[in-house]
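What follows is a short report on a single structure.
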Amino acid sequence: MPTKKDRHVELVRQWVAERDKREKYQWQQLWHLKNEPATWVDATASKAHNKVFAAIDCKRCANCCYKIGPAFRPYEINDFAQSLGLTTDSLIEQYLKWDPTESIYEARSKPCPFLGKDQLCTVYEHRPESCRQYPHTDSSDFANSRYMHANNSAVCPAVYHVIEELIEARKNKKAEEKFERMLLKLHEYEKEIGLASDNSLSSEPSPPPVS
Ligand code: SF4
Ligand code: SF4
C-alpha cells in the first residue's frame, strides 16, 4: 500500500515528466470547458482539489515559494512588519518592492526571503492572503479562472493534476452523454417500428399477467 509520501513523489515525478508535453493540450482542454456549465466545472474542480491534495504535500514542495513568492496587499504589511519586529519602512526597504500594475508589494528576490533552509515558511502564521489562497484550486470560481490555472500548472504540481482530473472527468461526462443520445436514438427507432412506446424508456416493466 503506497504511503502519502510515495503518492506525493509519484505525482511530482509525473508533473516534471509531463508538464511541458501536456501544456498546450491542457490549455486547449481548459478552453473547451467554456462549453460546460460553470457549476459542473466548479464542483468537479473542488472534488479534484480534495483528491489531489490528499496526496500532494506542500511541505515537501515549496515550488511556489521559489518561483512566485508572496504578494502583500497594502493593508497587510503593517501587521506583517510587526510580526517580524520591524517597522513597515524597514520591512519594505529590506524585503519588498511595490508593483504599481497589480497594486501589491512583492518580494525583492526569489526564492521568497521568508522561506527557511528546511523549505518551510518561517512566517507561516503571518503569511499573506496570496500565500494562503494559492493555488486557488478550491475557490468557488474555477470556471472563470481557467487560464490562471493553466499558467499555474507550470509552477504547481497540484494544479497540473487538478487539471488532469478535470480533463478525465469531462471525457467521462462526454462518453455518458453520447451513450444517452445513442439510447434515445435507439428508442426513437424502436418507436418507429412499433417496438416501444413514448414512456417505455422511463417506465417500470409491467407485471406479468395474472392467470
Ligand atoms: S511567505 Fe511563506 S508561504 Fe509565502 S511565498 Fe514566502 S515562504 Fe512561501
Ligand atoms: S501550492 Fe503547489 S507549488 Fe505551492 S507548495 Fe503546494 S504543491 Fe507546491
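Structural remarks
- The single condition among (1) closer than 24 Å to Cys156 by Cα; (2) away from ligand 2 (no atom under 13 Å from the Cβ) that Arg19 does not meet is (2).
- Some residue of the stretch 123-139 being of a type in the set (Gly, Ala, Ser), assigned by TED's automatic domain parsing to the domain that holds Val155 and part of a loop (DSSP other than H, G, I, E, B): yes
- Residue match in the stretch 132-147 (condition: within 16 Å of ligand 1 (Cβ to nearest atom) and in contact with a Lys or Arg (Cβ under 8 Å, 6 or more places away or on another chain)): no
- From the list Ser130, Ser139, Ser153, the lone residue that is within 14 Å of ligand 2 (Cβ to nearest atom), of a type outside the set (Asp, Glu) and at pLDDT below 95 is Ser139.
- From the options Pro135, Pro74, Pro70, Pro113, residue that is touching a Phe, Trp or Tyr at 6+ places or on another chain (Cβ under 6 Å) and not basic (Lys, Arg): Pro113
- Within the stretch 65-83, the set of residues being surrounded by 16 or more Cβ atoms within 10 Å (Cβ to Cβ) and outside any strand (DSSP E or B) comprises Cys65, Ile68, Gly69, Pro70, Glu76, Ile77, Phe80, Ala81.
- Being out of contact with any strand residue (DSSP E or B) (no Cβ under 7 Å at 6 or more places or on another chain), more than 26 Å from Asn151 (Cβ to Cβ) and within 12 Å of ligand 1 (Cβ to nearest atom) holds for only one residue in Ser83, Ser109, Ser90, and it is Ser83.
- Residues within the stretch 84-116 that are within 20 Å of Cys64 (Cα to Cα) and part of a helix (DSSP H, G or I), tallied: 1
- Considering residues of the stretch 10-53 that are exposed (fewer than 15 other Cβ atoms within 10 Å of the Cβ) and of a type in the set (Val, Ile, Thr) only, the residue nearest to Pro135 (Cα to Cα): Val16
- When the stretch 46-64 is limited to residues that are of a type in the set (A, V, I, L, M) and part of a loop (DSSP other than H, G, I, E, B), the one that is nearest to Lys4 (Cα to Cα) turns out to be Ala55.
Okay, residues lined up against (1) in the same structural domain as Asn172 (by TED's automatic domain parsing); (2) farther than 18 Å from Glu165 by Cα; (3) among the aliphatic types (A, V, I, L, M):
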site	(1), (2), (3)
Glu10	yes, no, no
Trp15	yes, no, no
Asp20	yes, no, no
Lys34	yes, no, no
Ala45	yes, no, yes
Asn50	yes, no, no
Lys59	yes, yes, no
Ala62	yes, yes, yes
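The values are calculated or read from the model by the stated rules, or taken from the named source; none is laboratory data. Because the structure is a prediction, the values reported are computed rather than measured. Using ideal geometry, Cβ is built from the backbone for each residue, glycine included, and neighbour counts are taken over all protein chains shown.
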